[in-house]
Structures are given as structure tokens and as C-alpha cells.
Amino acid sequence: MNTEKTTRDFAALIFQAKEYFLTHIPAILSALIVLAIGIIIAWVAKKLIIRLMNSLSARFSPDQLPTKISHTHLDQAVRFLGGFVYWVIVFLFITVATEMLGLAIVTSWLGGVIKYLPNILFAIFSVYMGVLGGRLLGDIVRSAANKTGVIHGEALGKMVQYATVLVTALIAINQVGVDIAMLINLINIVLGATLFGGALAFGLGARVSVSNILAAYYLKSLYREGQQVKINDIEGQILQLTPTSVLLETSEGQVTIPAKEFSEKASTLKLAKDNKS
């Protein structure tokens, strides 16, 4: 008896599903047609945007573009923008299709997502431009550091790059509507502790180096290469004024003297024999 009852219940369930399907065939077909039309429109819009952006970027020669922004990066940005527009349009048509099927819960959820779609778009765009801009700023800082002789230019460029990405990521998160006040406070604490530790380590560990750098800077206005000087019973001709020391050519060979020695101890500039007469 239980087997017969189970069979009847299953048959009734199949019959109800069949009736429901037959009743909603027009709505299902209409939803599928709308979805197909949406996919076609999204594909056409994607191709048009990519073609338009490629035609605009083709007007710029590689020499007109900054160092880190090449046509490869522009192509990536164009593909990203085209793909995003494609899925936004498809998403909108999926919402219309679910409404035609009478799926009120799904339609309501999709409508809520569409409401925040501009914020999501701005957030994604901000993060992407932050990554691209971080690479550009990092490259500019590294290039400037190398040209001016600043040490650790690579690390400095990385710091600028990551800081740019972090700032844009925080802006994107805030734009979506997430409260980032606690996160900002935490970052401020970590950043303050890091800067304090770095300043303390620099002040204690780099004191001698800083003294030599400052002394070498002022020495360039007092001495020049080729002059004969004497300091600490060492006499020789100046071969090179480095950023931290003075290289002398003596009778015993080349001697490197820290630049701060010239500011802490007396040094003598030897006059040429022709000037003595």
C-alpha cells in the first residue's frame, strides 16, 4: 500500500510540474528571447566600445605616452571596460527576464544590486586606475631617484606604488558603502609606528652616514679635485669628492677619508709652488 501511495504522489508531482511548465511556457520563452536579445546588445556594445577606444589610442604614438603607460596597458584597460559594459547590460536583461517569470525575490535582489551598480562601477574603476597609476608613479620615483643618485630608489618606488594602490582601494571600499573608519585608524596606527621605528633606526644607525653626507656637501664648496690637502698627518692630492668621503692620492697610495673628518679636525690646503714665489 505504501508503494502505491508513493507512486501516486510522485505521479501527481510530475503532473503538477508539467502543468506548471505548460502554463508558463509563454513567459519562459519570452524571458529567453529577452535574455538572448540582451546578450546580443551587450556583445555589440562591447565591440563598439573596444573599437572606439582602440581608434582613440591609435592616435597616440609610443613617444607620446608616459614610460609605464604603453599600448599594452591601454589595451588591457580597453578590454576591461568593454567586458564590464558587457556584463552590466547582461545583468540588466537578466533582471527583466526574472521579472517576466514572476520571480519576485530574485528580481528584488537584482534590483538592489543594480541600485548600487554605479558605486560598484566607480569602485572597480578606482582600483584599476590605482594599480595603473601606482605603476606609473613608482616608475617616475625610481627614475628620479636614479638620476639624482638617491640610494634605495627601487624600494622608494615600490613604497609609492603600494601606497597609491592602498589609497585607491580605501576610496573604492568607501564608495561601495563599507564603513572604513576602523580600518583607517588601524592603518594610521601601523603607519605611525612604522615611521617612528624607521626614524629612530635612521637616527641611531645612520648618524655617521648623515654626518658624512652633510660634510661632503659643504666640502665641495671648499675643495676641488686636483688640490693638495693635509689632514691627520696625511697629505695627498684630491682624486675624487664622493658623497660621503674624500679620496686622496698619497705617496703611500690612495687613501679614503670620511668627509666628517674635515669638519671635525683641522685640514690644510697646500698652495702650488708657483703661488708661493
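One table, with the values for the structure above:
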| quantity | calculated |
| --- | --- |
| Pair Leu52, Ile114: separation of 7 Å Cα→Cβ label points (nm) | 2.1 nm |
| Length released on extending from Thr268 to Ile184, taking residue separation times 0.36 nm less the Cα-Cα span | 24.6 nm |
| Per-selection Rg to Rh, the range 152-273 - Cα, Kirkwood hydrodynamic radius | 1.30 |
| Contour minus Cα-Cα distance for Lys147 and Tyr217 (0.36 nm per residue) | 23.5 nm |
| R0 of 25 Å, Cβ-Cβ distance Arg79-Ile173: FRET efficiency to nearest 0.05 | 0.55 |
| The range 211-271 - convex hull of the alpha-carbon atoms, volume per residue in Å³ | 68 Å³ |
| Per-pair calculated FRET efficiency, R0 = 22 Å: Leu29 and Phe91 via Cβ, rounded to 0.05 | 0.55 |
| Too-long pairs where the Cα-Cα distance tops 29 Å, listed order kept, from Lys147/Lys220; Lys158/Lys220; Lys147/Lys270; Lys147/Lys260 | Lys158/Lys220; Lys147/Lys270 |
| Residue-span extension gain [Val131 to Val44] - 0.36 nm each, minus C-alpha spacing | 28.5 nm |
| Computed over the range 80-213, Kirkwood Rh from alpha-carbon pairs, angstrom | 18.7 Å |
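Rule-based calculations on the coordinates, nothing more; no lab input. All of these numbers come straight from a predicted model, not from anything done at the bench. No Cβ is skipped: glycine too gets one built from the backbone with ideal geometry, and neighbour counts run over all protein chains shown.
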